[in-house]
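Accompanying notes for the structure given below.
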Amino acid sequence: MDNPGSVPTKNFRHQGGRRSRQQKQPIPPQYGYGQGPQFYEDTTNIYPNLQFQGEPPGPATGWNNQAFGQPSFPGQQILGDPMAAMAMQYGQTLAGQGKVIVNEKLEKFVSMSKLKYYFAVDTAYVVKKLGLLFFPFTHSDWSVHYNQEEPVAPRYDINAPDLYIPSMAFVTYILTAGYLLGTQNKFSPEQLGIHASSALVWLVIELSITLFALYVLNIGNSLKVLDLTAFCSYKYVCMIAAVLASLVFSSPGYFAVLCYCSLSLDFFLLRTLRVSLLSQSTSDHYGRGSRRSLYLLLFLCAVQPFIMYWLTHHLILGTGVQSNVME
């Protein structure tokens, strides 16, 4: 019996006690590769405070790859497939062959290496060339310099033709025309396409007539098609100057600048093309070859002011593009 004054004690038996401790399960040995779920279940019973973010790791969530330092990502199985690797390699081979075929087709019409020559310019050349177009009367040396029978790049020779200034001037002319049409409440997106196509059509007609005349008249020259394209496209610079003058001085300023730019452009073409046409023309005892070259050169100089006026007068006088195209 217990003493009446003693403090009662509690039974801490393992079998019947209320505070019997839970028997620990021994940590199972580490399983081999691919048996992560069993190891995870056992460790959760032993360490209840151990938490994993997301789903329990396992084969479906890439537990094994993360354990061994190999992260998984969507499409890993496809990239690891040998058939997929062969298909990708075959596609790259076809893309390379297609690029070679396209380059060969382009080389038949326009050589990319020769086309790069006309865009080999810098800021100093552009500034000097624009000054030469507007003020050609002070220039004395008009010969094109050569390096081992090849003309030097335009950045080194101000007399060399380039396509950078004509292409930029063409785009600027289209944008300026759109701005002037906007000031007259006549702008629409279609007008930009009409102006661009009209300018290109006139350029193609001018080049076609010139090349046909060179062939029929049997005029020897050192000009290439891209050279003629550059010389015939310098008119866009003068057109921009005339159109911008109309914004400040209205119609009188337009006609004054157009006349001066036509005179300066004709002088520039006479002195530049004379070296290529007249110096290499085939002449007989009567000099008929030289006269044919001179007539062709005068024709090119005479047609420039008319084309410039035709492409810009409707922007100043407000006659509208539609009536101009219909004519």
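Any read-out appearing in this document is the output of simple, stated calculations on the displayed coordinates, not a laboratory observation. Owing to the predicted nature of the structure, the values given are computational and were not obtained by experimental measurement. Glycine gets a Cβ as well: all are built from the backbone with ideal geometry, and neighbour counts include every protein chain shown.
Excluding Ala169 itself, what net charge comes from residues whose Cβ is under 14 Å from its Cβ, given Lys and Arg +1 and Asp and Glu -1? Before the final figure, lay out the partial values.
Values: positive: Lys129, Lys235; negative: Asp162.
Computed value for this residue: +1.
Between Phe134 and Tyr156, what's the calculated FRET efficiency when r is the beta-carbon distance and R0 is 30 Å? Round to 0.05. Let's see the in-between values first.
On the way: r = 22 Å, r/R0 = 0.72.
The formula returns an efficiency of 0.85 here.
What is the calculated FRET efficiency for Ser222 to Thr123, with r their C-beta to C-beta distance and R₀ = 25 Å, to the nearest 0.05?
Rounded to the nearest 0.05, the efficiency is 0.30.
Note down the nm distance, to one decimal, between modelled labels 7 Å out along Cα→Cβ at Ala196 and at Arg274.
Roughly 3.9 nm, to one decimal.
Using Cα-only point scatterers and the Debye equation, what is log10 of I(q)/I(0) for segment 124-239 at each q in 0.10, 0.12, 0.16 Å⁻¹, rounded to two decimals?
Evaluating at q = 0.10, 0.12, 0.16 Å⁻¹ gives log10 I(q)/I(0) of -0.40, -0.56, -0.90.
Could you work out the local net charge near Asn159, counting Lys and Arg as +1, Asp and Glu as -1, over the other residues with Cβ closer than 11 Å to its Cβ? Please list the in-between numbers first.
Values: positive: Lys128, Lys129, Arg271; negative: Asp141, Asp157, Asp162.
Overall, the nearby charge balance is 0.
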